[in-house]
Amino acid sequence: MLAITLRVARECAGLTQQQVEAALGMHTGVCDDIERAQRMPTVEMLRGLCPILRLDFAAVAAIVDRGGTTLPC
């Protein structure tokens, strides 16, 4: 699931949810909602998240397109 991938990537990057929210100008709690699959990030959010989390946007978009659970290796 995309939510798990984003959470793991954030943790691997050594960032808190609050740091990611601040970097992207998100409201408090948005990252938590995304990571718990309570909210689907917009394309614009994903474009902002990918460089911060050191993810390839095309790979993340592929997850969304196919409903996959993990990043392709």
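The values are calculated or read from the model by the stated rules, or taken from the named source; none is laboratory data. Everything numeric here is computed off the predicted structure, so don't read it as measured data. Because the Cβ atoms are built from the backbone with ideal geometry, glycine has one as well, and the counts that use them run over all protein chains shown. Remember, those area values only see protein heavy atoms, side chains included, never the ligands or the DNA or RNA. Shrake-Rupley method; radii C 1.70, N 1.55, O 1.52, S 1.80 Å.
Which FRET efficiency, nearest 0.05, do Gln18 and Ala61 yield, Cβ-Cβ r, R0 25 Å?
With R0 = 25 Å, the Cβ-Cβ based efficiency is 0.45.
With a ≥ b ≥ c the root eigenvalues of the C-alpha gyration tensor of segment 1-48, is it rounded (a/c under 1.5), prolate (a/b larger than b/c) or oblate? Walk me through the numbers on the way to the answer.
Numbers: a/c = 1.33, a/b = 1.02, b/c = 1.30.
Rounded.
Given Cβ point charges of +1 (Lys, Arg) and -1 (Asp, Glu) and nothing else, what value in debye, to the nearest 20, does the dipole of the chain about its Cα centre take?
Here the chain has a charge dipole of around 100 debye.
Determine the share of the chain's accessible area contributed by carbon and sulfur atoms, expressed in whole percent, with a 1.4 angstrom probe. It would help to have the intermediate numbers written out before the result.
Working: 2480 of 4390 Å².
Carbon plus sulfur share of accessible area: 56 percent.
With labels modelled as points extended 7 Å from the Cα through the Cβ direction, what inter-label distance (nm, one decimal) is found for Ile4 paired with Thr42?
Each label point lies 7 Å from its Cα, and together they span 2.8 nm.
Please state the relative contact order of the chain as a whole percent: Cα pairs under 8 Å, 6+ residues apart?
Averaging sequence separation for qualifying contacts and normalising by length gives 41 percent for the chain.
How do Thr28, Thr16, Thr5 rank by accessible surface area computed with a 1.4 Å probe, from largest to smallest?
Most to least solvent-accessible, the answer reads Thr28, Thr16, Thr5.
Can you give the accessible area per residue of segment 1-66, in Å², using a 1.4 Å probe?
58
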